[in-house]
Each structure stands twice: as structure tokens, then as C-alpha cells.
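J.: Below you'll find the structure I mean.
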There are 2 protein chains.
Amino acid sequence: MLAKRRGSHIEIPGLASAHSHAFQRALRSQCQRQSASAGSFWSWRGYMYALAGQLDPETMYQVARFAYAELAMAGVTAVGEFHYLHHQAGGQPYDTRTALADALIEAAQDVGIRICLLRVIYERAGFQQALQAGQERFCDSSLDLALLDLESLRTRYQDREGVQIGLALHSVRAVRRESIRQASQVANAAGMPVHMHLSEQARELEECVAEHGMTPVALMAHDGHLNERFVAVHATHIDDAEALALGHARAFVCVCRTTERDLGDGHCDASRLLRSGARLCTGVDSYAISDPFEEARAIELDQRTRDQKRTVVAEASTLLEAASAEGYAAIGMAGQQDHDRVLLRADDAALIGASEDRLDDAVVFAASPRAVDRVEVAGQLIVSDGVHREYQQICQGFEAALSKLRQAAGL
Amino acid sequence: MLAKRRGSHIEIPGLASAHSHAFQRALRSQCQRQSASAGSFWSWRGYMYALAGQLDPETMYQVARFAYAELAMAGVTAVGEFHYLHHQAGGQPYDTRTALADALIEAAQDVGIRICLLRVIYERAGFQQALQAGQERFCDSSLDLALLDLESLRTRYQDREGVQIGLALHSVRAVRRESIRQASQVANAAGMPVHMHLSEQARELEECVAEHGMTPVALMAHDGHLNERFVAVHATHIDDAEALALGHARAFVCVCRTTERDLGDGHCDASRLLRSGARLCTGVDSYAISDPFEEARAIELDQRTRDQKRTVVAEASTLLEAASAEGYAAIGMAGQQDHDRVLLRADDAALIGASEDRLDDAVVFAASPRAVDRVEVAGQLIVSDGVHREYQQICQGFEAALSKLRQAAGL
């Protein structure tokens, strides 16, 4: 058992959200209506692009600081930020090329949670597809420049407590095969984590098969990119052979159920992945909701719906490991969860009644952010009585940034 | 929009949980492990029976009072209690025949929420199946005696503010066809709601077809029992014709996603039901978790997973109606939700950032019990600062009852 009784609290190690797009917190509640442009993932993306088009380092900082504070108040102490918004709206770099990455790291540090900044490579809209409006910000004029930025981030932050730098390959759709190879070499040489959206949407698979004659996971396996620092995000649409390939490599799969539910992504077969030897972690992804307990239990619960059986993926302790130690490992912070801790109110209405040998079960299957009382990162108390130490100020900054962004985007 | 800005709060009408088995709150967190006896719905039921076997009016009261207080703290102001535990462990009636029903009503009244006590008819384990151990408590020695109890409850509570009495038919498995007919006649003559578990498990369908040559919903439609006071609980495994039959009758379907997820029940096609004209409401059912916001959004989100599209069942306002007005109507309290109100903290981290025209969206898709600040039922404040006015005392009673029950049941 990970959860331990401590007086009037239940203590658990720090929780990691291994896949985050912090700026998407600005979209929450704003695109749930039916409309010509809101019925699918691909149109949700349109709204996201409109908002993303307006972000600058200051608004990025304000939105991310709120997003991370909300995560911290839900028990999350480490985040993997899959960062793909690099340059100015037209694609022109900022004077400080990494200004937006720096803003994200600063936001996490000011909130007091650990961050692994996963610098994204994004080259194209898709195979033989020109960039779409709004994507210029994601792209670099050359792979070399992108890798220089990665190196610059690594150099500047390598001694910073609570900060890691990793590589993210956006997807097989958005990165050419040769670039995947070159960037992976750089990351592997430096021992960095490598994250990649893989097999999230059915359309992505079709396009990958058309270009490469293989599905995305098969392509990554074929080219030798799967290893124990590789994190496949989503892995929704994979077959047995792909699950075995991920498992054989001891690669991670980052399941992001609250986002996958929200976007209508379908559901990865976590049971098969775990049996194959793959490692599971969880991510808040689009910030549809910020609840690491729901992320953890949803892996099991949604597979129950699919299989019409109970206890099909894993028991509570394994799910809590996925939300904690495995998430830390997936973002290059193995073991550090034990320097962080989350104290849940043992008398929270959702937890009351669990027997002493069932605390993990109670935390995973019943807890919600309401139970979070105190959160400590490396000995620093950042949340007490369920509220972040600078919550009021962080809220004000967030709301001001939101007004500005929505007005500018006409949303 | 139902949700309204009120100063530092977002106000919503009272929420109803139209399907509850309050005593099952005692099971939470206790049967999530893998074992010979915990892998399926039918073995979860074994644990439930062991615990149910030990309940008496005092422990029933204590467990239910806690269960209802937890619901109230999550914004639920009215509950439909599907009550099937009537007699002493061996089947012998209590001196006051309705002692356990009375305990449930007293618990709800002491907590301050509205209750519709749905008195269950349960006659048999199944077609040509003798009663199983543990089921004696559910059964009456004759249907006439059961209907006398129903009448006695109705007479005694008909003038009690906040109390309704309704009929529940456990399932087509557990009630003979002729008894369904007789009991429905009594309920219809009195204008009572009639609730019934319908098509929850695949096995139930097979047995019903074997006995009646029809699936459960088809049987109820054929015999003329579907009407606008009829509530089909779950309706997981139904076909197009059955959806149309429910819709044509303007019957309710009570969706209980957090329980259905927990028990591996599969997933009802809420989109088809709504299109067919059926009315949707929600229920906490087994108390796997007590979160009416998750119940409401899960109807939409789980259908997104199934259909791999967004906004497939309904928008937020319709889902919030299902969790509120429709739930009240399903338990015979149409319109009373407007005399109750739930005040959510507008600065809850999950709700911050919603624009003024998207408050329903924020409440349904992002709120959690943490946001609940004040809850009023018929002008009475029962929850303030998120805590029930008698929480400490209610917790103590619950924990003492749990110890006693678990010890007696050897759990």
C-alpha cells in the first residue's frame, strides 16, 4: 500500500501528470456546445487554435500558473508539459527564442511544482499537407534550430531544482521520419525522456499507413525508437503486436482518460498494455478537468465498461503507482515522488469508512480534489487547507489573461 | 441556462439522485480487489449480501444518514431510495413491519433532504430458482402483505413534508409477471412512481427471454406498464424498438454511470433514448462515488467514448435538467427542485474561467463536490461551507455502525 494513515490525514506520495498542455485550461467549459464547428475532435482543435494564436509569454505565464495551481490543489506535484507553442503568431521567433518555454517553467516554479518541459518538434500539418493557419507558431525553420533550442533549454535549466528538459515529437503526422530519427538521437545521447502522441485518432492511423505503410506504433518500433524513456501518449488505437512492442521496450503509455473522454477519442486497452509489459502513467492533457484521482480510476473503470467485467486492468495500488511513481519516471524524475507528499483529509466524506487495509482503494476509487488538504514539494508547503498559498493573486492574473485572450480571438 | 451568477456564487436548483441503495455506502472501497469472488457483478453482489445480512434498523439509519449527508454535501437535495431490505435476516418481519423503511425516511429527514421511499417487491431469485441465502430479507410471504406495507407507508407519510412513497419492482428476474401487473395497478391507482431495474446485465436478458419470450423492456411494454411515471433503471442492453417503446410512453431512464462503470455493466445508449423521447435522470445507485456532477457528465462523456464523437447525447443544460428537474419528476416531486438550491463557489478552481454564457457547461463538465458551498432544502440551510451541519456526529454514528456490521459479517 502506498497510502498511509498519519493522524487525521491519509498520506500519499506526490502525483505526476505526465502529459499537459497548460494553455488549454483557457478552453475549459467554452467548447462543449453542439454546432457546425464543435462536434468532433478536429473542430475542437479549431477553437484551440484560435485561442493559441493570441498567446504571448505573459498570458501563457498567467494561464499556466493557474493551471498548475489547480493541479497542485488536486494533489499533482510534477507535470510533463508537452510544449508546442514556440514562436510568435506568424512564426517569427521571439527575441529570446525560448520565451514561451521559459514562461511555462517560471509558472511551475512560482507555483512550486516540478516540471519537465518537453520541447515539441512540429514540422507539418501532415503528409504532403501544407501548414494550416495557426500552425506557424509550432514550427521551426529547421530541425537544427529546434534542436538548438532544446540544447539551450537543457543547458540553462540543468542545475535548476525541480526542472527537467525532455524531447517531444508531436506525432507521426507532424514530424517527418528522418527528423524523428535525428531528434531521437539527440535526446537519447542526453538521456532525455521522449514523448509522442501516438495513435490517438483513427484518422492519424490512416494517414500514417498511407505514408509509411505502417501504423504509428509499428513505425516507431520498426525504426528502433521505443525504449524505457519513450512515452507514447494515448495509444488508443493499437493492435496486439503494437502493445507487445511497447511492452518489450518497457516503454510508457500515458493514458489521459478525462481528455480522451472529452474529445471522443475512444479508449486504449490498458489491460492489454499492462499485460504486455508496458508501463502506465496518467496525464491531465487538455485540462477538461483537473483531477488525478479520476484519471487513475478511469483507466480501470472505462475498461470495465468495455469488457463488462470488474478489476480488469489493475488493482488500486498499481493505479496509484501509475499516477505517482510511474508518472515521475516517465518525465525523468524517477524516485522524486517520495520527496513530495499529499495529505488527504481522512474525514473527507468520500474516504470515510475505508478500512485500514483498503486506503489505496479508497484514494483511487473514491477521492476527489476536495480531500486534498496539504501538498508539499521537496519540503515546501505549497497548498494548505486545500488552497494554494497564492491562489487569489493567481486567479486574478488568470482572469485578466483570459479576458484579453478571448477578446483578441473574438471568442 | 439553469445556473445563475449570485455574487460570489453560482446557483443551481436542487439536484436529485433518483436511484439509491443507501446501505451500499458501507461497501465503498471494500471490494475493489481481484479475487475468486470479486471479479464480476455477481460476486460483488456476494459481498453486498454478506453486509446486508447484518443490517438492523439502527445500523441502517446510521449508514443511510451518512450516505445522505455525503450526497447533500455534493449538492443532492432529493433521493429516490430503492428499498429492498424489509425484514429480519431470516425473513421474519419486524414488530413494526416497515421498521427499515422508517429508518431510511428518518435518516433523510434528519439530514434534511427529500426522499421518495420506493418500496421494492422481490419474490424470487429468478425464474424457477429458489431463494438464495441472504435473500429472505427482501421477500414478503405474499404479494398482498407487500402491498399492505406499501399502503401503510403511503398513509403514514402522505402529509409529511419532503417525503413521497413509490413502488419499486426489483426486476423481471425477481418479480413474477402477474405480480408486476397487480402491483402496478395499485401504484397507478394512487399515482405513484414505479421504478424497476431493467436490462442492467446481459444475463438478466437471457433469463427473461427464456421465461417470457421477450426482453425485459419489451415485456413491460407488451403488458402496458410503461407510462410517464415509470422509471427504468439502467436500460443498458436495449434495442431500437425498446428505446422507442420507452420514448413513446414518455417513461424515464435512470442512468447511474458511476455505478455502471464500477460494476462493469456496460453503457446505455442515452443518445438513442433521448432521441426516442425517453426522459433521462441520474442516480448514485451503489455509492461507488457520490458526485452528481460526474453522474451527469458521464452520460455524455461515456457516449463520446463509444461513438468517438463529441456532443452526442446532449448539451450541458439538458444534462443539468436530467440531474435536477427530471430527477425530481421521476420520484414524484416535479417542480420542487425550484424550492431547493445549491450554491457553488464561483471561485472554485474547477469553475474559474467559464464565461457568463457558459455557466451550465462549467457546472456539468467541470464541477466536483469541492465547489459546493451552501445547500438549502425548502428554505432550510443544511450544508454550509461545504459541510453538513451535523457532520461530526453523523460520521461517528456511521463509523460505529460500520465496525459493528463488518465484525458481524466477518468482512
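The values are calculated or read from the model by the stated rules, or taken from the named source; none is laboratory data. Since the model is a prediction, treat every value here as computed from it, not as a measurement. No Cβ is skipped: glycine too gets one built from the backbone with ideal geometry, and neighbour counts run over all protein chains shown. Heavy atoms of the whole protein, side chains included, go into the accessibility calculation; ligands, DNA and RNA do not. Shrake-Rupley method; radii C 1.70, N 1.55, O 1.52, S 1.80 Å.
J.: To the nearest 500 deg cm²/dmol, what mean residue ellipticity at 222 nm is calculated for the protein assembly as shown from DSSP H runs of n ≥ 4 alone, each contributing -39,500 (n - 2.57), summed and divided by the residues?
T.: Numbers: 30 runs with 338 residues, N = 822.
It lands at -12500 deg cm²/dmol.
J.: I need the phi-derived Karplus couplings for the range A:336-353: 6.51 cos²θ - 1.76 cosθ + 1.60, θ = phi - 60°, integer Hz, Gly and Pro marked x.
T.: 6, 4, 7, 8, 10, 8, 10, 9, 9, 5, 5, 9, 4, 4, 6, 9, 4, x
J.: Using Cα-only point scatterers and the Debye equation, what is log10 of I(q)/I(0) for the range B:253-328 at each q in 0.16 Å⁻¹, rounded to two decimals?
T.: -0.49
J.: Sticking with this one: With point charges of +1 on the Cβ of Lys and Arg and -1 on the Cβ of Asp and Glu, referenced to the Cα centre of chain B, which listed residue (B:Q62, B:S29, B:Q201) lies farthest in the positive direction of the dipole?
T.: Going by the Cα projections, it comes out as B:S29.
J.: Accessible area of B:F127, 1.4 Å probe, to the nearest 10 Å²?
T.: About 80 Å², rounded to the nearest 10.
J.: Which cross-chain or sequence-distant (5 or more) residues have an amide H under 5 Å from the amide H of A:H195, H modelled 1.01 Å from N in plane?
T.: Counting only residues 5 or more places away or on other chains, the set is A:L167, A:A168, A:L169, A:V231.
J.: OK, next. With charges set only on the Cβ (+1 for Lys and Arg, -1 for Asp and Glu), what does the dipole of the range A:44-172 come to about its Cα centre, in debye to the nearest 20? If you can, show how the numbers build up before the last one.
T.: On the way: 10 positive and 16 negative charges, 63 e Å.
Result for the range A:44-172 is approximately 300 debye, rounded to the nearest 20.
J.: What is the dipole size for the protein assembly as shown, taken about its Cα centre, with +1 at each Lys and Arg Cβ and -1 at each Asp and Glu Cβ, in debye to the nearest 20? Intermediate results must be reported in sequence, preceding the final value.
T.: Working: 82 positive and 110 negative charges, 28 e Å.
The dipole of the protein assembly as shown has a size of about 140 debye.
J.: Right, something else. Can you send over the solvent-accessible area of A:H225, 1.4 Å probe, protein chains only, in Å² to the nearest 10?
T.: 20 Å²
J.: About its Cα centre, how strong a charge dipole does chain A have in debye, to the nearest 20, once Lys and Arg get +1 and Asp and Glu get -1 at the Cβ?
T.: Numbers: 41 positive and 55 negative charges, 65 e Å.
Dipole about the Cα centre, nearest 20: 320 debye.
J.: With a ≥ b ≥ c taken as the square roots of the eigenvalues of the C-alpha gyration tensor of the range B:194-287, please select rounded if a/c is under 1.5 and otherwise prolate if a/b is larger than b/c or oblate if it is not? Working shown, then result.
T.: Details: a/c = 1.63, a/b = 1.12, b/c = 1.46.
Taking the square roots of the gyration eigenvalues as a ≥ b ≥ c, the range B:194-287 is oblate.
J.: Quick one: Karplus J couplings for the range B:394-403, per residue in order, coefficients 6.51, -1.76, 1.60, θ = phi - 60°, nearest Hz, x for Gly and Pro?
T.: Karplus-based 3J(HN,Hα) across the range B:394-403 equals 5, 4, 4, x, 5, 5, 5, 5, 4, 4 Hz.
J.: Name the residues whose placed amide hydrogens come within less than 5 Å of the amide hydrogen of A:C268, ignoring near sequence neighbours (fewer than 5 apart) on the same chain.
T.: The answer is none.
J.: Going down the table (A:K4/B:K404; B:K4/B:K309; A:K309/B:K404), which pairs top 27 Å between alpha carbons?
T.: On the way: A:K4/B:K404 24 Å; B:K4/B:K309 29 Å; A:K309/B:K404 31 Å.
Listed pairs above 27 Å: B:K4/B:K309; A:K309/B:K404.
J.: While we're here: Between A:T155 and B:T155, what is the FRET efficiency for a Förster distance of 60 Å, r being their Cβ-Cβ separation, to the nearest 0.05?
T.: About 0.15, to the nearest 0.05.
J.: Could you tell me which of A:V255, A:V363, A:H237 has its Cα farthest along the dipole of the range A:225-384 towards the positive end, charges placed at Cβ (Lys, Arg +1; Asp, Glu -1), taken about the Cα centre?
T.: A:H237
J.: Looking at A:M214, B:G126, A:G53, which one has the Cα that reaches farthest to the positive end of the dipole of the protein assembly as shown (charges on Cβ: Lys, Arg +1; Asp, Glu -1)?
T.: Checked the options; the winner is A:M214.
J.: Moving to a separate point now. For the range B:13-133, what is the per residue volume of the convex hull drawn over the alpha-carbon atoms, in cubic angstrom? Mind dumping the intermediate values first?
T.: Values: hull volume 15.0 nm³, N = 121.
Value for the range B:13-133: 124 Å³ per residue.
J.: Just how far, in whole angstrom, is the range A:340-391 from the range A:95-162 if you go by their alpha carbon centroids?
T.: 33 Å
J.: 5 Å is the cut-off here: which amide hydrogens, built 1.01 Å from N in the peptide plane, fall below it relative to A:G332, excluding neighbours closer than 5 in sequence?
T.: none
J.: Can you give the relative contact order of chain A as a percent, counting alpha carbon pairs under 8 Å and 6+ residues apart?
T.: Numbers: 861 pairs, mean separation 92.7, N = 411.
Relative contact order of chain A: 23 percent.
J.: Under the rule a/c < 1.5 gives rounded, and otherwise a/b versus b/c splits prolate from oblate, where does the range B:251-290 land using the Cα gyration tensor?
T.: Because a/c hits 1.5 or more and a/b fails to exceed b/c, the range B:251-290 counts as oblate.
J.: Just the number, please: Stokes-Einstein D of chain B in µm²/s, Kirkwood Rh from C-alpha pairs, 10 °C, 1.306 mPa s.
T.: The Stokes-Einstein estimate is 75 µm²/s.
J.: Enumerate the calculated ³J(HN,Hα) couplings along the range A:301-309 in order (Karplus 6.51 cos²θ - 1.76 cosθ + 1.60, θ = phi - 60°), each rounded to whole Hz, writing x wherever the residue is Gly or Pro.
T.: Using θ = phi - 60°, the values come out as 5, 6, 6, 4, 4, 5, 8, 6, 9 Hz.
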